[in-house]
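The values are calculated or read from the model by the stated rules, or taken from the named source; none is laboratory data. Predicted, not measured: the structure shown is a model, and the values here were computed from it. Virtual Cβ from ideal backbone geometry, glycine too; neighbours counted across all protein chains shown.
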């Protein structure tokens, strides 16, 4: 009997995703430098289409890439991003082109409006779903302090990786 299909907004790098230990990485601000797109969010009304339009032009955050590369081979790398599933193909291409180590990319489901709920709630639900699938997060790395705090609810050790995207001078408080 074959393994059940992954949820539609989960994208495996290659082959089936096996149960076991995993490290969760955020994408924007940890692996991908999305600074050139942040201005779309620092408006009275965030411009989500503008924000997502140039995901393929992001630079690489070398420290994030090095962290992912340094993980034990038997630990899965799960990228849990607030990016919408509509940019999953471009994101996967970016990950491959930039030599990122990853096993599973989890994006926001396609039916979800970006402004409908905070990234904390979305990521909380996905962490619970990962665990249901037998994926055991042993560490999480994120650039949003509120999401780092959320991981404590699951007793997952976490690392705050400061990107500067959530500085107090910003009106934007964390949809991705």
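Tell me, please, whether a residue that is surrounded by fewer than 19 Cβ atoms within 10 Å (Cβ to Cβ), modelled with pLDDT of 95 or more, out of contact with any helix residue (DSSP H, G or I) (no Cβ under 6 Å at 6 or more places or on another chain) and within 24 Å of residue 40 (Cβ to Cβ) can be found in the range 97-107.
yes
Only one of (1) in contact (Cβ under 8 Å) with a residue 24 or more places away in the chain; (2) over 13 Å from the mean Cα position of the chain (by Cα); (3) closer than 25 Å to residue 18 by Cβ is not met by residue 92, so which one is it?
That leaves (2) as the condition not met.
Checking residue 11 against (1) without any contact (Cβ under 8 Å) to a residue 12 or more places away in the chain; (2) under 14 Å from the mean Cα position of the chain (by Cα), which test does it fail?
(1)
Using beta carbons and a limit of 9 Å, which pairs, at least six apart or on different chains, have the first residue in the range 129-142 and free of Cβ contacts under 8 Å to residues at least 24 places away in the same chain and the second one part of a strand (DSSP E or B)?
Once the first residue is free of Cβ contacts under 8 Å to residues at least 24 places away in the same chain and sits in the range 129-142, its partners that are part of a strand (DSSP E or B) give 131/137.
Restricting to the range 131-153, what's the tally of residues that are over 17 Å from residue 83 (Cβ atoms) and assigned to a helix (DSSP H, G or I)?
Of the residues in that region, 10 qualify.
Here's the yes/no breakdown for (1) at pLDDT below 95; (2) surrounded by fewer than 19 Cβ atoms within 10 Å (Cβ to Cβ); (3) out of contact with any helix residue (DSSP H, G or I) (no Cβ under 8 Å at 6 or more places or on another chain); (4) within 20 Å of residue 65 (Cβ to Cβ):
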site: 142; (1), (2), (3), (4): no, no, no, yes
site: 145; (1), (2), (3), (4): yes, yes, yes, no
site: 162; (1), (2), (3), (4): yes, yes, yes, yes
site: 171; (1), (2), (3), (4): yes, yes, yes, no
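Can you pull out the residues in the range 12-22 that are touching a strand residue (DSSP E or B) at 6+ places or on another chain (Cβ under 9 Å) and surrounded by fewer than 21 Cβ atoms within 10 Å (Cβ to Cβ)? Steps first, answer last, please.
Keep residues of the range 12-22 that are touching a strand residue (DSSP E or B) at 6+ places or on another chain (Cβ under 9 Å), which gives 12-13, 17-22.
Result: 12, 13, 18, 19, 20, 21.
Of everything in the range 1-11 that's in contact with a helix residue (DSSP H, G or I) (Cβ under 8 Å, 6 or more places away or on another chain) and not in a strand (DSSP E or B), which residue is surrounded by the most Cβ atoms within 10 Å (Cβ to Cβ)? Lay out the reasoning, then the answer.
To start, the set of residues in the range 1-11 that are in contact with a helix residue (DSSP H, G or I) (Cβ under 8 Å, 6 or more places away or on another chain) comprises 7-9, 11.
Narrowing further to those that are not in a strand (DSSP E or B): 7-9.
Numbers: 7: 13, 8: 12, 9: 19.
Of everything passing the filter in the range 1-11, 9 is surrounded by the most Cβ atoms within 10 Å (Cβ to Cβ).
Scan the range 42-60 residue by residue and report those that are crowded, with 18+ Cβ neighbours inside 10 Å and under 20 Å from residue 110 (Cβ atoms). Step through it out loud before you land on a result.
Filtering the range 42-60 down to residues crowded, with 18+ Cβ neighbours inside 10 Å leaves 51-52, 55, 58.
The answer is 51, 52, 55.
If I filter the range 77-90 for residues that are within 14 Å of residue 25 (Cα to Cα) and modelled with pLDDT under 95, do I get at least one hit?
Residues of the range 77-90 that are within 14 Å of residue 25 (Cα to Cα), as a first pass: 77-83.
So of that shortlist, the ones also modelled with pLDDT under 95 come out as 82-83.
Taking every residue of the range 77-90 in turn, at least one turns out to be within 14 Å of residue 25 (Cα to Cα) and modelled with pLDDT under 95.
Which condition number in (1) in contact (Cβ under 8 Å) with a residue 60 or more places away in the chain; (2) surrounded by fewer than 17 Cβ atoms within 10 Å (Cβ to Cβ); (3) in contact with a helix residue (DSSP H, G or I) (Cβ under 8 Å, 6 or more places away or on another chain); (4) under 15 Å from residue 165 (Cβ atoms) is the one that residue 35 fails?
Checking residue 35 against (1) in contact (Cβ under 8 Å) with a residue 60 or more places away in the chain; (2) surrounded by fewer than 17 Cβ atoms within 10 Å (Cβ to Cβ); (3) in contact with a helix residue (DSSP H, G or I) (Cβ under 8 Å, 6 or more places away or on another chain); (4) under 15 Å from residue 165 (Cβ atoms), the one that fails is (3).
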